[in-house]
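*Asks:* Input: one structure, supplied below.
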Amino acid sequence: MSGAGCPSEAELIRAARGGADLPPALTAHVEACPDCRETAAVTRWLMAVARADAVVSAPLPSPDLAWRRSRIERRIARRRTLIRRATRPMAVFHRAAWAGAVLAVAIWLGPRADVLANWIAASRAARLLVDPATSAAFGGLLAAGGSLAAARLLRALR
């Protein structure tokens with residue numbers, strides 16, 4: 001576009017905004033004038049962008065509302081962090097209590113291992129454990145569960 005522009009540019013922009021077809025005289029002028037040809041191309045592009053944007057995007061919330069939401073979300077995140085930090089000793093104690101209970105049961109059952117072995121042998125579980133496939137799967141499940149419990153306990157102690 002030249003610095004001076006064309007006197008028909010304003011008429012071209014008004015006609016393009018209206019959405020109607022250009023009059024034949026203006027169409028002939030646009031084909032001949034490089035300034036108006038460029039203006040017509042830019043106007044068509046801007047109108048297409050405006051139509052696409054109006055269809056796709058929803059109205060934006062007010063900046064005040066966005067700022068308030070971010071402040072509330074930041075406050076909630078800070079409270080969650082403080083709650084997690086405050087309850088961490090309770091969670092560690094809870095896990096340690098469960099570990100102590102399991103250890104106490106194991107110590108209590110230690111001298112009674114023969115009674116426990118007889119009880120297991122008489123139950124249906126013994127028949128499942130005798131089968132090599134199920135005993136290997138059961139052993140794998142026990143190992144996986146034990147390693148998960150140990151990993152959680154170590155993570156809680158950090």
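The values are calculated or read from the model by the stated rules, or taken from the named source; none is laboratory data. Keep in mind that this is a model prediction, so the values were computed, not measured. Don't worry about glycine lacking a Cβ; one is built from the backbone with ideal geometry, like all the others, and counts go over all protein chains shown.
*Asks:* Which residue pairs have Cβ atoms under 8 Å apart, sit 6 or more places apart or on different chains, and have a first residue in the stretch 80-104 that is more than 24 Å from residue 146 (Cβ to Cβ) and of a type in the set (A, V, I, L, M, F, W, C) and a second that is at pLDDT below 90 and part of a helix (DSSP H, G or I)?
*Replies:* Sorted first by the residue in the stretch 80-104, then by its partner, the list stays empty.
*Asks:* Quick check, is residue 103 in a helix (DSSP H, G or I), within 20 Å of residue 152 (Cβ to Cβ) and modelled with pLDDT under 90? Let's see the steps before the verdict.
*Replies:* Numbers: in a helix (DSSP H, G or I): yes; within 20 Å of residue 152 (Cβ to Cβ): yes; modelled with pLDDT under 90: yes.
It is true that residue 103 is in a helix (DSSP H, G or I), within 20 Å of residue 152 (Cβ to Cβ) and modelled with pLDDT under 90.
*Asks:* Kindly provide the set of residues from the stretch 15-24 that are loosely packed, with under 10 Cβ neighbours inside 10 Å and modelled with pLDDT of 80 or more, ordered by number. Please lay out each step first, then the result.
*Replies:* Just the residues of the stretch 15-24 that are loosely packed, with under 10 Cβ neighbours inside 10 Å, to begin with: 18-21, 24.
Correct list: 24 only.
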